[in-house]
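Quick notes on the structure that follows.
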Amino acid sequence: MVLETTDAGAWAKRIGDWDYETSTNFLSQFGDPTLGVERSYVSTNIKKITFTNTGGYTNPKVDELFATARQSGDPAVRAKAFSDVQAILCDEVPQLWLMELAWPTIHEKKLHNVITTAMGPNAGFSGVWIG
């Protein structure tokens, strides 16, 4: 094995060009798996572009379950579809996750309503107030 270091731009280009054997990365899901996780596993997103399914993973059942979750407004249907996807991905291990990042949000204690959704600080601060 040859370990290589690179800057972010060169890394992204090599991943997008499929010019790698293995890489270390992490995903952010932005509060909903259809916004950040699905893109790495559905076969319709196998592209030579960074942050797509550059691993080439294909499973029609996973595609179907992500579509079900994306198209449903029923929380129970979405939860079941995501749970089933997770079980398949844990069984097939198309990607090996070695770490889990924590994204702490630090703010002045006088601020209220800073984090109110799963989107965290990405949701905006229109409802924040000082008190």
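Here 116, 58 are screened, and the one residue that is surrounded by 12 or more Cβ atoms within 10 Å (Cβ to Cβ) and more than 18 Å from the chain's Cα centre (by Cα) is 116.
Inspect the stretch 7-18 for any residue being part of a loop (DSSP other than H, G, I, E, B) and without any contact (Cβ under 8 Å) to a residue 12 or more places away in the chain and give the result as yes or no. Yes; the residues of the stretch 7-18 include at least one that is part of a loop (DSSP other than H, G, I, E, B) and without any contact (Cβ under 8 Å) to a residue 12 or more places away in the chain. Counting only residues that are open to solvent by less than 60 Å² (accessible area, probe 1.4 Å), small (Gly, Ala, Ser) and not in a helix (DSSP H, G or I), the stretch 68-95 holds 1 of them. Considering each residue of the stretch 50-60 in turn, at least one proves to be assigned to a helix (DSSP H, G or I), out of contact with any Phe, Trp or Tyr (no Cβ under 8 Å at 6 or more places or on another chain), of a type outside the set (A, V, I, L, M) and farther than 16 Å from residue 95 by Cβ.
The values are calculated or read from the model by the stated rules, or taken from the named source; none is laboratory data. Remember, it's a predicted structure, so these values are computed and weren't measured experimentally. Counting neighbours? That spans all protein chains shown, and the Cβs are built from the backbone with ideal geometry, glycine included. Note: accessible area is taken over every heavy atom of the protein model, side chains too, but ligands, DNA and RNA are not part of it. Shrake-Rupley method; radii C 1.70, N 1.55, O 1.52, S 1.80 Å.
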